[in-house]
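The values are calculated or read from the model by the stated rules, or taken from the named source; none is laboratory data. Since this is a predicted model, take the numbers as computed values, not measurements. When we count neighbours, we look across all protein chains shown, and the Cβ atoms used for this are built from the backbone with ideal geometry, even at glycine. For the accessible areas, the whole protein counts, side chains as well, though only heavy atoms, and no ligand, DNA or RNA atoms are used. Shrake-Rupley method; radii C 1.70, N 1.55, O 1.52, S 1.80 Å.
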Amino acid sequence: MQIKLFIPGPTEVKDIVLKKMSTPLIGHRGKEASDLQRSISRKLQKLMFTDSEILLSTSSGSGLMEGAIRSCTRKKAAVFSCGSFGERWYEMALANQVKADCFKVEYGQPTRGAMVDEVIKSGEYDLVTITHNETSTGVMNPINEIADVMRKYPGIVFCVDTVSSLGGVSIPVDELGIDICISSSQKCLGLPPGLSLCSISEKAISAAREVKYRGMYFDLLKLYEYMKKKDYQYPSTPSLSHMFALDYQLDLIFEEGMENRFKRHMAMANIVRKWANDNFKLFPEEEYASNTVTCIENTRGISVQQLNQILGMKGFAISNGYGKLKEKTFRIAHMGDITIEEIEELLAVIDEILKKEV
Ligand SMILES: *Cc1c(COP(=O)(O)O)cnc(C)c1O
């Protein structure tokens with residue numbers, strides 16, 4: 001039986017999009033490859049509301065996150081974390097000998113603008129990382145408020161992880177002043193895992209020029225310069241199969257309409273949040289609850305693992321809590337191409353199970 005995925009990545013992929021992955025291959029040094037990758041870049045600029053160039057990487061999102069913090073930190077990075085994915089950025093800095101400090105809030109809480117201001121006004125930092133949508137806790141950080149603070153510090157490179165929000169929530173990159181906005185294929189974009197992408201500003205490129213050791217595969221400056229010189233091609237062989245699917249999926253996203261897509265995510269979030277409040281409790285404060293994944297506090301002490309096992313027999317999958325939040329919370333993702341009807345169906349099935357079985 002095929003299991004319908006309500007987990008925060010990978011998400012459901014439409015059959016027609018999946019089929020695009022099996023398009024016969026083309027050479028990656030030909031005009032066709034340039035045309036394909038240029039087309040994707042233009043479409044992603046539209047989705048991200050940006051004039052900055054786009055970089056594509058045959059890796060999951062973590063690759064570009066590591067590339068960003070390593071390639072663009074000259075002095076020291078300020079990593080703001082409200083969960084596991086924020087912390088990951090700090091681990092990447094340490095593993096690459098990039099100087100960094102990590103500023104955490106309690107799980108379930110957001111990173112606030114005032115907190116960012118308080119930290120970066122010291123002048124010690126020249127790069128900031130923010131997790132827009134913290135998938136481990138279901139918190140969506142107040143990116144407008146943070147962007148307002150960042151505007152006061154034009155020398156700092158502003159990096160944002162939008163892995164679990166781009167394609168589900170409006171992220172106006174230029175308006176927010178984001179220098180590097182990173183995402184992955186397998187979440188709200190509704191594609192198989194294995195491809196990541198980012199926007200990269202002139203400021204971020206200038207910063208990278210001042211960094212001597214930027215690594216190799218994820219050297220953002222090298223990727224940028226190669227792409228510019230070689231008409232949207234990349235130094236290594238890219239996953240062209242993903243490119244075919246992404247180019248097509250972006251058309252489908254525009255066909256649905258970006259605003260409609262964002263509204264659908266909001267509507268699904270509202271349904272799941274209401275269900276969570278009626279049956280359990282939302283883990284984050286409602287004001288900061290994510291529009292793409294809902295993290296629910298397990299106030300009834302059910303066995304999440306058992307719930308998921310039974311769901312599996314009925315053809316559905318949700319997620320347990322992440323890391324130390326396992327069994328204490330569980331998560332229902334409503335991202336990508338999942339519909340309102342499918343979310344309602346899932347919740348009805350969970351209701352049935354909770355009535356008698358767990
Ligand atoms: C999934 C996720 C990541 C990791 O992305 P990969 O594509 O698995 O490397 C990073 N940040 C957030 C917020 C995520 O949800």
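Among the residues of the range 74-95, count how many are open to solvent by 10 Å² or more (accessible area, probe 1.4 Å) and under 24 Å from Gln186 (Cα atoms). Residues in the range 74-95 being open to solvent by 10 Å² or more (accessible area, probe 1.4 Å) and under 24 Å from Gln186 (Cα atoms): 7 in total. The residue that is nearest to the chain's Cα centre (by Cα), among those in the range 166-188 that are near the ligand (Cβ under 10 Å from one of its atoms) and open to solvent by 10 Å² or more (accessible area, probe 1.4 Å), is Lys187. Just one of the listed residues (Val116, Val98) is away from the ligand (no atom under 13 Å from the Cβ), β-branched (Val, Ile, Thr), under 20 Å from Met216 (Cα atoms) and open to solvent by less than 50 Å² (accessible area, probe 1.4 Å), namely Val98.
Of the candidates Arg42, Arg38, Arg70, Arg74, the single residue that is within 24 Å of Ile180 (Cβ to Cβ), over 15 Å from the mean Cα position of the chain (by Cα), without any contact (Cβ under 8 Å) to a residue 12 or more places away in the chain and in the same structural domain as Met140 (by TED's automatic domain parsing) is Arg42. Against the conditions (1) within 27 Å of Val105 (Cα to Cα); (2) open to solvent by 10 Å² or more (accessible area, probe 1.4 Å); (3) away from the ligand (no atom under 16 Å from the Cβ), Val163 satisfies every one except (3). Kindly indicate whether any position in the range 199-209 is closer than 30 Å to Gly27 by Cα, among the basic types (Lys, Arg) and touching a residue at least 12 places away in the same chain (Cβ under 8 Å). No: the range 199-209 contains no residue that is closer than 30 Å to Gly27 by Cα, among the basic types (Lys, Arg) and touching a residue at least 12 places away in the same chain (Cβ under 8 Å).
Residues in the range 38-73 that are surrounded by 24 or more Cβ atoms within 10 Å (Cβ to Cβ), more than 15 Å from the ligand (Cβ to nearest atom) and closer than 20 Å to Tyr217 by Cα: Ser71, Cys72, Thr73. Just the residues that are under 27 Å from Tyr248 (Cβ atoms), under 22 Å from the mean Cα position of the chain (by Cα) and of a type outside the set (Gly, Ala, Ser), please, taken from the range 191-228. Of everything in the range 191-228, those that are under 27 Å from Tyr248 (Cβ atoms), under 22 Å from the mean Cα position of the chain (by Cα) and of a type outside the set (Gly, Ala, Ser) turn out to be Leu191, Pro192, Pro193, Leu195, Leu197, Cys198, Ile200, Tyr217, Phe218, Leu220, Leu223, Tyr224. Filter the range 127-150 down to residues that are away from the ligand (no atom under 11 Å from the Cβ) and not in a strand (DSSP E or B), then give me how many there are. Of the residues in that region, 9 qualify. Of all residues in the range 137-155, those satisfying the criterion of being surrounded by 23 or more Cβ atoms within 10 Å (Cβ to Cβ) and over 26 Å from Lys281 (Cβ atoms) are Ile146, Met150.
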